[in-house]
1. Would you calculate the separation in nanometres between label points at K141 and N154, each defined as 7 Å from the Cα along the Cα-to-beta-carbon direction?
2. Using 0.36 nm per residue of separation minus the Cα-Cα distance, give me the extension gain between I101 and R16 in nm, one decimal.
3. What is the spin-label model distance, in nm, from R164 to N117 if the labels are put 7 Å beyond Cα along the C-beta direction?
4. Among K125/K151; K63/K139; K85/K139; K81/K162; K85/K125, which pairs are too far apart, with a Cα-Cα distance over 22 Å?
Amino acid sequence: MNSQNREHRIGALFFRKCMILVLPCIIVYLYPLQVLTVIGQETANTYIGVSNVSIRWQHSVEKEEWEEFYVIDEGDILLSKTRFKTFGAGVPSDVGTETFIKDGWVYMTGIDRSIGNRLDFRTGKTTEHRIIIDGQSNKLKANSSYYMTVKQLNLIQALLYKIRRI
C-alpha cells in the first residue's frame, strides 16, 4: 500500500472517530425539550419533556369536578379541551369544535387556545385543586397562587435549569 493511500485511510478513520464523538454532542445540543416549571408560594417543581398537563378542581358553587387539559408544544401552553360535570350559568356553549357527554362528563374539545408560555391560577379554600402532569396527580395547597411556565431548551440547558430550580 502506498503512503498516500495509507494517509487517506488514516484520515478517513480519524474523521469517523471524530464524528462518533461530535455527532451525539451536536444532537444533544440542538434537540429541543419542553421544560415545565410549576411555581407556588412555597414550592417550585421542574419537569423535563412534558407534553400534557391538566388542572382539576371541585367547583366552589356547583360542588362538581372540573378539569382543563393543556398541551405543551414548542414553548407554548395550549388549552386543548375541558370537561365538567354540570353545565350551568356562565359556561360558554360555543367553545371548541365539539361538545358531547361521556361517562357523566360534559366535554368541550378542539379548543386549541394559546395561553402563551405562562399560566397563572389560584386555588380556592375548598376546591381541592390538583395538577396532573403526564398522568401523575399532585395535590395543590388550598387558597394559594400558582403559575406554570414552559421553555424550550436543549438537554444541557434543561438539566442546568432543573439543577438551579432544586
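All of the numbers you see were taken from the coordinates with simple rules; none came from a lab. Nothing here was measured: the structure is a model prediction, and the numbers come from that model. Positions of Cβ are generated from backbone atoms using ideal geometry, with glycine treated the same way; all protein chains shown enter the neighbour counts.
1. In this crude spin-label approximation the distance works out to 3.7 nm.
2. Numbers: separation 85, 0.36 × 85 = 30.60 nm, distance 5.86 nm.
Gain on stretching I101 to R16: 24.7 nm.
3. 1.2 nm
4. The pairs that break the limit, which is 22 Å between Cα atoms, are K125/K151; K81/K162.
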